[in-house]
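Working notes, structure below.
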Amino acid sequence: MTEKMHSLDDFATAKLADLEKKHLRRKLADTTREGVWVERDGRRLLSFSCNDYLGLSHHPEVKNAAAAALERYGVGAGASRLVTGNHPLFAELEARLAQMKGTEAACVFGSGFLANAGIIPTLIGSDDLILLDELAHACLWAGARLTRGTVLSFRHNDVRHAEALMAEHRAGHARALIATDGVFSMDGDLAPLHALAALARRYDAWLLSDDAHGIGVVGNGRGSSFADGARADVPLQMGTLSKAIGGYGGYLCASQPVIDLIRNRARTFVYSTALPPAITAAAIAAIDIIARDPAYAALPLQKARLFTQRAGLPEAASSIVPVLIGEANAAVKASRLLEAEGFLVVAIRPPTVPAGTARLRLAFTATHPDSEVERLADLVRTRILAR
Ligand SMILES: *Cc1c(COP(=O)(O)O)cnc(C)c1O
């Protein structure tokens, strides 16, 4: 081959070599999944790396709802919702979501990522201020950067730091937004939503919580705004249908005027094809299950607490439990050790988490057998934490 390497390929190859050197190069591993059991390289493993917290992606009622809608309405929506894609199933799903979150209205998006990339730039512009928790999900950062406004981060869950930043910067900006994960995706802890809501009120700022890992799991399944009994005053509750809801798509629950504005102006809503009817019908069925059976929605947290207690870790606050390792290659080794024992626990490395905090991230679901949770806890305690 005499073909000269293109500068584009040069660029990609050099970038990949650099990632390889830092143990940060990632590869796609073919994985088929049936509930919490997955198959990789011909091996059957029990997965603790899946966000299907209630197993609803495989629930018969959810699958039947999707299959019936698929048969009746076909596969794709065919257009954006403002054109001909506004299937009546959306009104039904949005009414369910608004009821669950206690808001006037709701709007669904193609995904959680698309929701944040659409919501934030609709509300916030270049003259405005955004404060983000430093550990906020990548799509909150992406949405914030699309605004061209002033984006500042406060130390993780540190309301006093957020307050200091507000005191210093609020006056110089027209509108202000505080955005945080409700349940942090890589740490499993909860945001102090009541304190952030009070701060937002004092400074006429708007609070957005990303409840991707809260809905279906904390607050009787209603999410992080409901986690400690009294409802936190969060005017913008967004989240995803792709985790505990078991399907795909994103949503925002808010007041009617905010939702009407989003439907008019959020570019990822206006210029993107509507969700498929089958996935919409599946989400409706999933929300019905959560609403009628809060005891089932409590199971992931119970399993997570069974694990943390037995492994000697701080008590879990959600279905997500981090086991901090430090260096990326050590985290990969710990993951391999568990894989040899029949568990799939993916190592999470930078840039998904800050440098030096590579970890195992365990996600507990309603369908994990207790005996296996205990075996995993014993392995983590004796072979990983005791090193
Ligand atoms: C997964 C996740 C998202 C993205 O949701 P998708 O529907 O998968 O695009 C957004 N925010 C947080 C905190 C997440 O964990």
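I need the full set of residues from region 270-279 which are open to solvent by less than 20 Å² (accessible area, probe 1.4 Å) and either in contact with a Phe, Trp or Tyr (Cβ under 6 Å, 6 or more places away or on another chain) or among the charged types (D, E, K, R) (or both), in order please. Can you show your working first?
Let us first name the residues in region 270-279 that are open to solvent by less than 20 Å² (accessible area, probe 1.4 Å), namely 274-275, 277-278.
Scanning region 270-279 gives a single hit, Pro277.
Against the condition more than 15 Å from the ligand (Cβ to nearest atom), of a type in the set (Gly, Ala, Ser) and open to solvent by less than 50 Å² (accessible area, probe 1.4 Å), how does Ala295 come out, does it pass?
On the way: more than 15 Å from the ligand (Cβ to nearest atom): yes; of a type in the set (Gly, Ala, Ser): yes; open to solvent by less than 50 Å² (accessible area, probe 1.4 Å): no.
For Ala295, the condition - more than 15 Å from the ligand (Cβ to nearest atom), of a type in the set (Gly, Ala, Ser) and open to solvent by less than 50 Å² (accessible area, probe 1.4 Å) - is not met.
Being open to solvent by 10 Å² or more (accessible area, probe 1.4 Å) and among the basic types (Lys, Arg) is the filter here, so list the residues in region 92-113 that pass it.
Arg96 - this is the single residue of region 92-113 that is open to solvent by 10 Å² or more (accessible area, probe 1.4 Å) and among the basic types (Lys, Arg).
Taking Ser57 as the residue in question, decide whether it is in a loop (DSSP other than H, G, I, E, B) and among the hydroxyl-bearing types (Ser, Thr, Tyr).
Answer is no for this residue.
Is it the case that region 141-151 has a residue that's within 18 Å of the chain's Cα centre (by Cα), free of Cβ contacts under 8 Å to residues at least 24 places away in the same chain and either more than 22 Å from Ala232 (Cβ to Cβ) or within 16 Å of the ligand (Cβ to nearest atom) (or both)?
yes
I'm trying to understand the selection: among the residues of region 232-254, which are aromatic (Phe, Trp, Tyr) and open to solvent by less than 40 Å² (accessible area, probe 1.4 Å)?
Residue satisfying the conditions is Tyr251 alone.
Confirm whether Asn86 is at pLDDT below 95 and open to solvent by 10 Å² or more (accessible area, probe 1.4 Å). Break it down into steps so the answer makes sense when it comes.
Values: at pLDDT below 95: yes; open to solvent by 10 Å² or more (accessible area, probe 1.4 Å): yes.
Yes.
Within region 176-197, can one find any residue that is of a type in the set (D, E, K, R), without any contact (Cβ under 8 Å) to a residue 60 or more places away in the chain and open to solvent by 40 Å² or more (accessible area, probe 1.4 Å)?
No: region 176-197 contains no residue that is of a type in the set (D, E, K, R), without any contact (Cβ under 8 Å) to a residue 60 or more places away in the chain and open to solvent by 40 Å² or more (accessible area, probe 1.4 Å).
Only one residue in Gly229, Gly214, Gly143 is of a type outside the set (Val, Ile, Thr), surrounded by 22 or more Cβ atoms within 10 Å (Cβ to Cβ) and part of a loop (DSSP other than H, G, I, E, B). Which one?
Matching residue, one of Gly229, Gly214, Gly143: Gly214.
Test Gly74 against the stated conditions and say whether it is in contact (Cβ under 8 Å) with a residue 60 or more places away in the chain, over 23 Å from Gln237 (Cα atoms) and open to solvent by less than 10 Å² (accessible area, probe 1.4 Å).
no
Per-residue answers, yes or no, for (1) touching a residue at least 12 places away in the same chain (Cβ under 8 Å); (2) under 20 Å from Gly214 (Cα atoms):
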{"site": "Leu306", "(1), (2)": "yes, yes"}
{"site": "Ala317", "(1), (2)": "yes, yes"}
{"site": "Arg336", "(1), (2)": "no, no"}
{"site": "Val345", "(1), (2)": "yes, no"}
{"site": "Arg361", "(1), (2)": "yes, yes"}
{"site": "Leu379", "(1), (2)": "yes, no"}
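Please enumerate the residues belonging to region 168-190 that are assigned to a loop (DSSP other than H, G, I, E, B) and more than 16 Å from the ligand (Cβ to nearest atom). Even if it seems obvious, please write down each step before you answer.
So the first thing to find is which residues in region 168-190 are assigned to a loop (DSSP other than H, G, I, E, B), and the list is 173-175, 182, 184-189.
His173, Ala174, Arg175, listed by residue number.
Cβ-Cβ under 7 Å, sequence separation 6+ or interchain: first residue in region 208-237 and over 25 Å from Leu129 (Cβ atoms), partner charged (D, E, K, R) and open to solvent by 10 Å² or more (accessible area, probe 1.4 Å). Which pairs?
His213/Lys243
Go through region 40-54 and give me each residue that's open to solvent by less than 70 Å² (accessible area, probe 1.4 Å) and not in a loop (DSSP other than H, G, I, E, B).
Residues satisfying the conditions are Arg40, Leu45, Leu46, Ser47.
The values are calculated or read from the model by the stated rules, or taken from the named source; none is laboratory data. Predicted model, so just to flag it, every value in this text is computed and none were measured. Glycine gets a Cβ as well: all are built from the backbone with ideal geometry, and neighbour counts include every protein chain shown. Remember, those area values only see protein heavy atoms, side chains included, never the ligands or the DNA or RNA. Shrake-Rupley method; radii C 1.70, N 1.55, O 1.52, S 1.80 Å.
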